[in-house]
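Some notes on the structure that comes next.
The values are calculated or read from the model by the stated rules, or taken from the named source; none is laboratory data. Just so it is clear, the structure is predicted and the values come from calculations on it, not from any experiment. Because the Cβ atoms are built from the backbone with ideal geometry, glycine has one as well, and the counts that use them run over all protein chains shown. What goes into the accessible areas is simple: the full protein's heavy atoms, side chains included, and nothing from ligands, DNA or RNA. Shrake-Rupley method; radii C 1.70, N 1.55, O 1.52, S 1.80 Å.
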Amino acid sequence: MAEVAPLDERRLRRLQTVGILCGLTAGAWLGAAETPTKLVTLGLSPVVISLAMVVGVFLARWSLPALIQGTSYIAADLRQAPHLIVWAVLAGCLWAVANTLTIFAVRDVGLSIAFPLWNSNSLLGIFWGILFFNELRGADWRRWVGVLGGALLMFVGATALAIASSARAPNADALRGVVAALTAGVLWGTMYIPYRKAYLTGMSPLSFITFFTVGELGMMTTLAVVYSGGVTPLMHQLAGARHVLFWLLLGGFVWVVGDLFQQYAVKYAGITRGIPLSNTNQLWGLLWAVLVFGELSGATSSVYTQVIGGSLIMALGAGVIAFASVSRGEHVRWEEAAAREGARYGVDPAYTRARGEGRDPTATSHRRTWVDWLVVSGATATLIGFASVARAPELAIRWQWAAALSIVTLGALVGCGAALWRTTRFN
């Protein structure tokens, strides 16, 4: 294989900085997106909740790319790397199953405990990044210690939270919730293989997620029909939950915003850094659970110590990993992996190289057409329709805290979105 010319040092630092910001912003939005799963405490079926969220995800994954870049941009990407459609659909299937398992986990052990358990996905993601995509190859010993030491801290934090879960629910339910959360983590960790393969090859996250959601919706619909005992029982359950479906669709929409930033974090910071950063959603989930829903009210001081301490330890581990920056030698190995993936599928090397640097390989202007506005209008009309019949859920919510967290989350979106646009134009 021909030697790969290294990326300009200044450009490399800018891309890494953007990747770090995207990971942190993803954490805030992914944390907020899980709050609708609290509706499971009202007696709604976990698969109904997950299906409704996936419908919201589907609306967002098509409307946001159409609004930001346009469908012609997506079509141009697919002409370069059509093989990635299969990988995107596969990743979507894994996501749908994992998301359903998280609903069961929230029901059995609560949001503040389940969150960090399924965030064990970063441990598996680190392994896949090293094994398949040359991450940490060519890095010095300090970066290896930083990433692996951070992973160990995250494991310790997850163990503390698993112990705490047994004090928050009956033993049978607690064990079931822990297994569900950890299994979700395994599926999400494996899902990052298609992510990284796509972005090393050169595909934009905006293109990847449009086909990602085909797998999501197909798999989730199948799970919901089977779990509910048929189409008719499922439709009855959805009709009975019509007054809260808007909140679930909105949760799916918010998730996509967080997931999109997570995809850019994986693209520019790699799996080994981007996923631990996005897993700071555990702290946001803890804030929503404790401040907004009062989830730990009445808990003993021991439970508080274990839950908060475990979360902080996991966050510390993520921070250590995040600051183990990508060295010049490691990034050259990334570029070699990208060249290998491009050659495997016959992708234009210039396309792969340009996208790895956050640039558009062509000077073509992709204008929005009537198709784009039709997609955006359809998604907007659907959300408005469900909002018109929605009712506030009968949950004890501290609205002042909900407003404060929402403002901070929106601020992160504006700041990181502007930085991403200036640096990469969302490529």
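From the list Gly251, Gly274, which one is farther than 13 Å from Leu24 by Cα and either touching a residue at least 60 places away in the same chain (Cβ under 8 Å) or in contact with a Cys (Cβ under 6 Å, 6 or more places away or on another chain) (or both)? Write out each step before concluding.
Working: Gly274 fails: farther than 13 Å from Leu24 by Cα.
Just one listed residue meets the conditions, Gly251.
Can you tell me which residues in the range 355-397 are surrounded by 13 or more Cβ atoms within 10 Å (Cβ to Cβ) and of a type in the set (D, E, K, R)?
Arg355, Glu357, Arg359, Asp360, Arg368, Asp372 - these are the residues of the range 355-397 that are surrounded by 13 or more Cβ atoms within 10 Å (Cβ to Cβ) and of a type in the set (D, E, K, R).
Test Arg359 against the stated conditions and say whether it is within 25 Å of the chain's Cα centre (by Cα) and of a type outside the set (Asp, Glu).
Details: within 25 Å of the chain's Cα centre (by Cα): yes; of a type outside the set (Asp, Glu): yes.
Answer is yes for this residue.
Any residue that is closer than 25 Å to Leu123 by Cα and in contact with a Phe, Trp or Tyr (Cβ under 6 Å, 6 or more places away or on another chain) - is there at least one of those in the range 238-248? Can you show your working first?
Step one: list which residues in the range 238-248 are closer than 25 Å to Leu123 by Cα, which gives none.
No, the range 238-248 contains no residue that is closer than 25 Å to Leu123 by Cα and in contact with a Phe, Trp or Tyr (Cβ under 6 Å, 6 or more places away or on another chain).
Among the residues of the range 202-261, which ones are of a type in the set (Gly, Ala, Ser) and over 30 Å from Arg359 (Cβ atoms)? Spell out the reasoning first.
Step one: filter the range 202-261 for residues of a type in the set (Gly, Ala, Ser), giving 202, 204, 207, 215, 218, 224, 228-230, 239-241, 251-252, 258.
Matches in the range 202-261: Gly218, Ala224, Ser228, Gly229, Gly230, Ala239, Gly240, Ala241, Gly251, Gly252.
Would the range 219-229 turn up any residue that is over 19 Å from Pro36 (Cα atoms), among the hydrophobic types (A, V, I, L, M, F, W, C) and surrounded by 22 or more Cβ atoms within 10 Å (Cβ to Cβ)?
Within the range 219-229, none of the residues are over 19 Å from Pro36 (Cα atoms), among the hydrophobic types (A, V, I, L, M, F, W, C) and surrounded by 22 or more Cβ atoms within 10 Å (Cβ to Cβ).
In the list Ser297, Ser325, Ser311, Ser302, which residue meets the criterion of being of a type outside the set (Phe, Trp, Tyr) and under 25 Å from Leu15 (Cβ atoms)? It would help to see each step written out before you state the result.
On the way: Ser297 fails: under 25 Å from Leu15 (Cβ atoms); Ser311 fails: under 25 Å from Leu15 (Cβ atoms); Ser302 fails: under 25 Å from Leu15 (Cβ atoms).
The match here is Ser325.
With the requirement that a residue be open to solvent by less than 30 Å² (accessible area, probe 1.4 Å), in a helix (DSSP H, G or I) and either touching a His at 6+ places or on another chain (Cβ under 9 Å) or free of Cβ contacts under 8 Å to residues at least 40 places away in the same chain (or both), what does the range 50-73 give you?
Residue satisfying the conditions is Tyr73 alone.
Residues to consider are Met191, Met203; find the one that is farther than 16 Å from Ile103 by Cα and touching a Phe, Trp or Tyr at 6+ places or on another chain (Cβ under 7 Å).
One residue alone meets the criteria, Met191.
May I ask you to verify whether Arg107 is farther than 24 Å from Lys197 by Cβ, modelled with pLDDT under 85, more than 15 Å from the chain's Cα centre (by Cα) and open to solvent by 10 Å² or more (accessible area, probe 1.4 Å)? Even if it seems obvious, please write down each step before you answer.
Numbers: farther than 24 Å from Lys197 by Cβ: yes; modelled with pLDDT under 85: yes; more than 15 Å from the chain's Cα centre (by Cα): yes; open to solvent by 10 Å² or more (accessible area, probe 1.4 Å): yes.
Criteria met by Arg107.
Can you pull out the residues in the range 81-121 that are under 30 Å from Ala350 (Cβ atoms), assigned to a loop (DSSP other than H, G, I, E, B) and either in contact with an Asp or Glu (Cβ under 6 Å, 6 or more places away or on another chain) or aliphatic (A, V, I, L, M) (or both)? Explain how you work it out, then say what you get.
Pass one, the range 81-121, residues under 30 Å from Ala350 (Cβ atoms): 81-92.
Filter once more, so that each one left must be assigned to a loop (DSSP other than H, G, I, E, B): 81-83.
Correct list: Ala81 only.
Could you tell me whether any residue of the range 242-263 is surrounded by fewer than 21 Cβ atoms within 10 Å (Cβ to Cβ), modelled with pLDDT of 85 or more and not basic (Lys, Arg)?
yes
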